[in-house]
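The values are calculated or read from the model by the stated rules, or taken from the named source; none is laboratory data. None of the values given here were measured: they were computed from a predicted structure. As a convention, Cβ positions derive from the backbone with ideal geometry for all residues, glycine included, and neighbour counts pool all protein chains shown.
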Amino acid sequence: MKKLTFLLLLLMASVGASAKSVVFTLNDGTKVYYLLSKEVNPVMRFKEGKMVVNDDAYEFSDIKNFYISDEDDPNAIEAVLSHQDVTYSANTVIIRSEAVKTVKVYTLDGVEVKAPVQKTGDVISVNLNGLDKGAYLISTGTSSLKVLKK
C-alpha cells in the first residue's frame, strides 16, 4: 500500500504543466477522468482497501489501470447515446442504461459542475435546474451527451 501511494505521488509530482487529467480505466472498460489544473486537482487517498478520489470510491479490484494524460480529453465524445436511451423532461435528462456507473456534467470548456444525479435501476436522472443557461456535456464514462439548457 505504501509503495502504491509513493508511486502515485511520484507520478503526480513528475507531471508537468501539460497534463490534463488523471484517467482511471475500470475493468468494465469505463474511463473516469479527473481534471488537473492550477485551480482544481483531485484529492486522492487510500482507505479500507479502496482508492477514494474526491467523493468517488473505487475497489482496487475494479481498477484496471490509471495514468496521467495530456492527450486524453474527458470532454471528447467517444460514443454517443442513442436517442432511444435519452429523454428530456423539463430540465431533467433521463438516461436508460444498465451499463452506466458514473455520470459527470461538464461545461463545454471542461469544468465539472455539480448537478444532482439519481439512479434507480437502469434509469438515471440528471437534474439541470441549478445550472445556468448554456450547453453542457454529460459524460457516462463510455459515452457522452451534449445538452442545451434554455
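Looking at VAL111, VAL103 in this structure, which one is crowded, with 18+ Cβ neighbours inside 10 Å, modelled with pLDDT of 80 or more and within 16 Å of the chain's Cα centre (by Cα)? It would help to see each step written out before you state the result.
Working: VAL111 fails: crowded, with 18+ Cβ neighbours inside 10 Å.
Unique residue meeting the criteria: VAL103.
Could you list all residues from the range 98-109 that are closer than 20 Å to TYR33 by Cα and touching a residue at least 24 places away in the same chain (Cβ under 8 Å)? Walk me through it before giving the result.
First, pick out the residues of the range 98-109 that are closer than 20 Å to TYR33 by Cα: 99-109.
If the condition is that a residue be closer than 20 Å to TYR33 by Cα and touching a residue at least 24 places away in the same chain (Cβ under 8 Å), then ALA99, VAL100, LYS101, THR102, VAL103, LYS104, VAL105, TYR106, THR107, LEU108 are the ones that fit.
Counting only residues that are in contact (Cβ under 8 Å) with a residue 24 or more places away in the chain and among the charged types (D, E, K, R), which one in the range 110-149 is nearest to LYS20 (Cα to Cα)?
Our first condition is that a residue be in contact (Cβ under 8 Å) with a residue 24 or more places away in the chain; within the range 110-149, this holds for 110-112, 122-129, 131, 134-147, 149.
Narrowing the set further to residues that are among the charged types (D, E, K, R) leaves 112, 122, 146, 149.
Numbers: GLU112: 13, ASP122: 31, LYS146: 21, LYS149: 27 Å.
For the range 110-149, the residue satisfying everything is GLU112.
Are any residues in the range 120-142 buried (at least 20 other Cβ atoms within 10 Å of the Cβ) and small (Gly, Ala, Ser), and if so, which ones?
Once the filter is applied, which keeps residues that are buried (at least 20 other Cβ atoms within 10 Å of the Cβ) and small (Gly, Ala, Ser), the range 120-142 yields SER139, GLY141.
Of all residues in the range 35-68 being among the hydroxyl-bearing types (Ser, Thr, Tyr) and out of contact with any Lys or Arg (no Cβ under 8 Å at 6 or more places or on another chain), which is surrounded by the fewest Cβ atoms within 10 Å (Cβ to Cβ)? It would help to see each step written out before you state the result.
Narrowing the range 35-68 to residues among the hydroxyl-bearing types (Ser, Thr, Tyr): 37, 58, 61, 67.
Among the residues that remain, those that are also out of contact with any Lys or Arg (no Cβ under 8 Å at 6 or more places or on another chain) are: 37, 61, 67.
Details: SER37: 12, SER61: 9, TYR67: 11.
This residue is SER61.
Being modelled with pLDDT under 80 and basic (Lys, Arg) is the filter here; which residues of the range 21-68 pass it?
If the condition is that a residue be modelled with pLDDT under 80 and basic (Lys, Arg), then LYS31, LYS38 are the ones that fit.
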